[in-house]
């Protein structure tokens with residue numbers, strides 16, 4: 001078995017989620033079609049997740065009777081956007097050479113949605129990603145960092161991995177972010193991104 005030899009976390013990351021809440025896990029195997037060729041289907045997967053979430057109820061009304069209220073439309077749209085962004089990042093930066101399955105999962109609570117996306121990451125991108133995560137977490141004003149990254153992309157100096165999606169989650173949806181890097185005995189690096197969204 002491929003054991004974990006090193007683990008490192010950043011931000012608001014929770015490794016184990018309780019199982020007494022609604023959750024869904026979707027896996028994408030790299031054995032049939034390379035993950036990087038699946039990006040066209042990310043929108044379909046995000047639509048499915050958002051529609052699936054809409055069937056649940058997230059809290060009781062103030063009188064505490066059995067009639068629950070549905071997830072607000074705003075939260076459904078946020079779930080769709082975040083799921084799509086997470087899948088695009090995971091597919092774009094996945095290491096197809098290791099044939100590791102990419103997974104997206106969500107846990108639904110009365111007051112929040114928590115997404116986890118796990119994929120193998122190419123070794124060339126590990127340090128770059130860590131450095132960007134540290135920039136997000138130490139930024140005094142995420143909105144200012146968001147503007148800086150937009151300007152960088154507009155100038156043509158961006159490298160295609162600007163992190164605008166993560167910054168949009170924070171600035172536009174008030175999401176909390178966390179990451180975990182796990183290095184396996186085989187030297188494969190797995191990265192899990194966690195996004196917590198208030199509904």
Screening 188, 114, 126, 199 for residues that are touching a helix residue (DSSP H, G or I) at 6+ places or on another chain (Cβ under 6 Å) and at pLDDT 85 or above leaves only 188
(1) loosely packed, with under 15 Cβ neighbours inside 10 Å; (2) at pLDDT 75 or above all hold for residue 74 apart from (2)
When (1) modelled with pLDDT under 90; (2) more than 25 Å from residue 25 (Cβ to Cβ) are applied to residue 96, the one that fails is (2)
Within segment 175-186, the residues that are touching a strand residue (DSSP E or B) at 6+ places or on another chain (Cβ under 9 Å) and over 24 Å from residue 84 (Cβ atoms) are 182, 183, 184, 185
Considering segment 94-121, residues that are over 25 Å from residue 170 (Cβ atoms) and assigned to a loop (DSSP other than H, G, I, E, B), and then whichever is nearest to the chain's Cα centre (by Cα), we arrive at 101
Of the residues in segment 1-37, those that are modelled with pLDDT under 85, within 22 Å of residue 98 (Cβ to Cβ) and either in a loop (DSSP other than H, G, I, E, B) or out of contact with any helix residue (DSSP H, G or I) (no Cβ under 7 Å at 6 or more places or on another chain) (or both) number 10
Restricting attention to segment 93-135, the residues that are touching a strand residue (DSSP E or B) at 6+ places or on another chain (Cβ under 9 Å), more than 19 Å from residue 186 (Cβ to Cβ) and without any contact (Cβ under 8 Å) to a residue 60 or more places away in the chain number exactly 1
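The values are calculated or read from the model by the stated rules, or taken from the named source; none is laboratory data. Not measured: the values here are computed from a predicted model. Using ideal geometry, Cβ is built from the backbone for each residue, glycine included, and neighbour counts are taken over all protein chains shown.
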